[in-house]
Amino acid sequence: MDHSRAPVLEALQEFRRRGDVVFGPPGHKQGRGTDPRVAEVLGLDVFRSDVLSLNGLDDRRESQGVLEQAQELMADAVGAEHAFFSTCGSSLSVKTAMLSVAGPGEKLLLSRNAHKSVIAAVIINGVEPIWVHPKFDAERHMAHPPEPDDVRDRLREHPDAKGMLLITPTELGSCADIRGVADVCHAADVPLIVDEAWGAHLPFHPDLPAWGMDADADLVVTSVHKMGGAIEQSSVFHLQHDRVAVDVLKQREDLLGTTSASSLVYAALDGWRRQMAEQGHELLQTALRRAERLRAALDELPGLRVMGEEIVREGLAAEFDPMKIAIDVRDLGITGMQAAEWLRAERHVDVGGSDSCRISASITHSDDDATEKILLDALRSLVDGAGSIERQRPVRLPEPRALELEQAVLPRAAFFGPAEQVPAERAVGRISAETISPYPPGVPVVAPGEVITEEVVDYLRSGIEHGFLVSDAADPSLESFRVLTRS
């Protein structure tokens with residue numbers, strides 16, 4: 001296929017060339033009605049490019065096939081049989097993918113280190129989650145993806161499960177054995193969905209971890225805005241084989257997706273695919289070398305521990321994405337959250353994520369020598385200035401097994417069931433009626449229907465003291481918890 005083409009961008013150019021005057025949405029009329037104060041910040045071209053697909057980029061019947069052509073090019077570029085753009089982010093795309101495999105009351109295997117959007121999908125879709133627990137790393141206090149044997153064991157226990165959802169890479173770069181899990185699923189004749197939100201770049205360089213389509217997954221969801229070059233909310237479904245029907249996926253997406261899709265997202269996805277198809281190997285090769293230099297330099301800084309290929313050698317992960325720079329800062333006597341706040345306040349550097357142990361930074365094809373130097377200089381300053389950061393009592397991190405909570409009630413029933421708000425000390429032993437997700441990365445510590453334990457309350461409460469953001473709890477301070485009312 002001709003990857004110099006960009007059908008959505010070409011249609012937008014043609015729309016402008018024709019000088020169409022629109023008497024439908026959006027109401028700003030391609031910027032004519034935009035407040036100049038808004039345009040001064042956002043730029044008028046953002047509004048000029050905000051055009052509907054129907055009677056805009058394409059005609060009323062979509063007879064030009066603008067979006068269809070762009071999606072075919074995307075599928076070809078990444079080695080999928082089909083690709084579909086989504087403008088609601090992978091938080092919605094993963095809900096659609098799950099609903100395409102299992103419906104209300106049916107079982108679905110799920111990695112328990114899933115993002116809160118997966119828990120939301122369980123609640124909305126009404127599926128029965130069969131949790132596959134990740135491989136907990138007690139020393140680093142993080143979760144790596146589950147292994148094929150873990151999936152095999154759960155499928156044997158639940159042979160009526162409709163499929164498996166695997167999260168890989170994690171937000172810190174550890175990767176699953178996708179092919180091994182796919183083989184297990186296919187031996188049971190069920191599909192493998194991969195939530196590869198952090199892996200949009202993986203198809204475009206051989207030195208990166210395995211890409212889900214190449215590793216025989218059936219349905220892969222990517223967030224192109226995370227490690228790719230598209231704007232926020234840019235997501236893509238990638239599909240192959242026949243275990244998930246194309247028409248079923250389309251109908252489920254139509255059920256949940258927006259009817260006012262953003263041409264800005266479509267155009268950004270289309271342009272990013274063209275860039276990667278034409279220049280991806282070269283751009284990512286430069287980024288990989290940059291990440292390697294940064295790792296080598298950071299390894300020389302006292303008090304910083306950079307995670308890398310050792311997690312593969314230790315048998316904790318199948319592969320590792322070197323473009324994710326995860327830096328443990330505990331030896332500096334501070335938390336990752338403190339480090340992130342110091343870097344923002346003192347050096348105007350915003351890291352990608354932080355938790356009680358570490359900070360993380362993503363290196364992409366967009367970085368250059370200047371941003372490389374800025375990051376390295378900022379981290380050198382952090383090492384030098386860490387002594388001035390106020391010491392806090394450490395977050396009371398639980399043992400890994402303490403995070404494997406009992407699922408006493410199905411998440412949907414718990415979320416919509418009769419509930420009450422009780423003080424934290426009275427929540428122990430009660431069944432949660434809410435999702436509690438320190439963010440980022442947004443992986444729930446407690447899901448609806450799980451039994452709250454003393455260790456988890458202690459962990460979350462100490463985390464709040466250190467600056468955990470828990471926006472999905474009814475009481476973000478966690479002085480109280482929402483639990484099912486006792487019958």
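The values are calculated or read from the model by the stated rules, or taken from the named source; none is laboratory data. Values in this document were obtained by computation on a predicted structure and should not be read as measured data. Note that each Cβ is placed from the backbone with ideal geometry, even for glycine, and that neighbours are counted across all protein chains shown. We work out accessible area using only protein heavy atoms, side chains counted, and drop any ligands, DNA or RNA first. Shrake-Rupley method; radii C 1.70, N 1.55, O 1.52, S 1.80 Å.
Quick check on the chain: of the DSSP beta bridges with both residues there, what percent are antiparallel, nearest 5%? Close to 70 percent.
Considering the range 19-159, its Cα convex hull presents a mean projected area of 14.2 nm².
Placing a label point 7 Å from the Cα of Ala408 along the Cα-to-Cβ line, the residues of the range 422-442 whose backbone N sits under 14 Å from it are 422, 426-434.
For trypsin sites (Lys or Arg not before Pro), the sites in the range 2-63 that DSSP calls loop and that have at most 16 other Cβ atoms within 10 Å are Arg5, Lys29, Arg32, Arg60, Arg61. Taken about its Cα centre, the chain carries a charge dipole of about 1060 debye when Lys and Arg each add +1 at the Cβ and Asp and Glu each add -1 at the Cβ. Quick note on the range 194-318: its Rg to Rh ratio, both from C-alpha atoms and Rh being the Kirkwood radius, is 1.04. Label sites at Glu341 and Gln421, each approximated as a point 7 angstrom past Cα along Cα to Cβ, lie 2.4 nm apart. When the charge dipole of the chain is built from unit charges on Cβ atoms (+1 for Lys and Arg, -1 for Asp and Glu) and taken about the Cα centre, the candidate among Val118, Val190, Ser432 whose Cα reaches farthest toward its positive end is Ser432. Summing charges over all other residues whose Cβ lies under 14 Å from the Cβ of Leu376, with Lys and Arg as +1 and Asp and Glu as -1, gives -3. Between Val38 and Glu72, the FRET efficiency estimated from the beta carbon spacing at R0 = 25 angstrom works out to 0.10. All C-alpha pair distances within the range 105-259, sorted into 10 Å bins from zero, spread as 11, 40, 39, 10, 0 percent across the bins. What does the charge count near Val21 come to, summing +1 for each Lys or Arg and -1 for each Asp or Glu among other residues with Cβ under 10 Å from its Cβ? Its environment carries a net charge of +2. Between the beta carbons of Leu469 and Asp207, assuming R0 = 45 Å, the FRET efficiency works out to 0.85 to the nearest 0.05. On the beta carbon distance between Arg18 and Val46, with R0 = 22 Å, the FRET formula returns roughly 0.65.
Number of Lys-Lys pairs in the chain with C-alpha atoms under 28 Å apart and a separation of 8 or more places or on different chains: 24.
For the range 220-292, the list of GluC sites (Glu not before Pro) that fall in a loop by DSSP and count at most 16 other C-beta atoms within 10 angstrom reads Glu232. Dividing the mean sequence gap of close Cα pairs (under 8 Å, 6+ apart) by how many residues the chain holds gives a relative contact order of 14 percent.
Considering all C-alpha pairs of the range 73-121, those separated by over 19 Å amount to 38%.
Restricted to Cα atoms, the range 365-467 shows a radius of gyration and a Dmax of 19.3, 56 angstrom. Does anything in the range 73-117 have its amide N under 12 Å from the 7 Å Cα→Cβ label point of His158, and if so which residues? Counting backbone N atoms under 12 Å from the label point, the list is 102-103, 105-112. A protection proxy built from the mean count of other Cβ atoms within 10 Å ranks the segments 322-332, 369-379, most packed first, as 322-332, 369-379.
The coefficient of translational diffusion for the chain, derived via Stokes-Einstein from the alpha carbon Kirkwood radius under 20 °C and 1.002 mPa s, stands at 90 µm²/s. Computed from point charges on the beta carbon alone (+1 for Lys and Arg, -1 for Asp and Glu), the dipole magnitude for the range 1-141 about its Cα centre is near 460 Debye.
Remark: the chain carries 44 Å² of accessible area per residue (probe radius 1.4 Å; ligands, DNA and RNA excluded). With the full set of protein chains in place, find how many percent of the accessible area of the chain is carbon and sulfur; take the probe as 1.4 Å. Exposed carbon and sulfur together represent 48 percent of the surface. Pair-distance distribution of the range 109-158: all C-alpha pairs, bin width 5 Å, starting at 0; shares per bin in whole percent are 5, 20, 25, 21, 19, 8, 2, 0. Pro206 sits among other residues whose Cβ lies under 15 Å from its own Cβ, and their net charge, with Lys and Arg +1 and Asp and Glu -1, is -4. Would you calculate a helix-derived [θ] at 222 nm for the chain, using -39,500 (n - 2.57) for each DSSP H run of n ≥ 4 and dividing by the full residue count, to the nearest 500? Value at 222 nm, helices only, nearest 500: -11500 deg cm²/dmol.
Were the residues from Asn55 through Ala296 laid out at 0.36 nm apart, the gain over their Cα-Cα distance would be 81.4 nm. Qualifying GluC sites (Glu not before Pro) in the range 80-173, where qualification requires a DSSP coil assignment and no more than 14 other C-beta atoms within 10 Å, comprise Glu81, Glu139.
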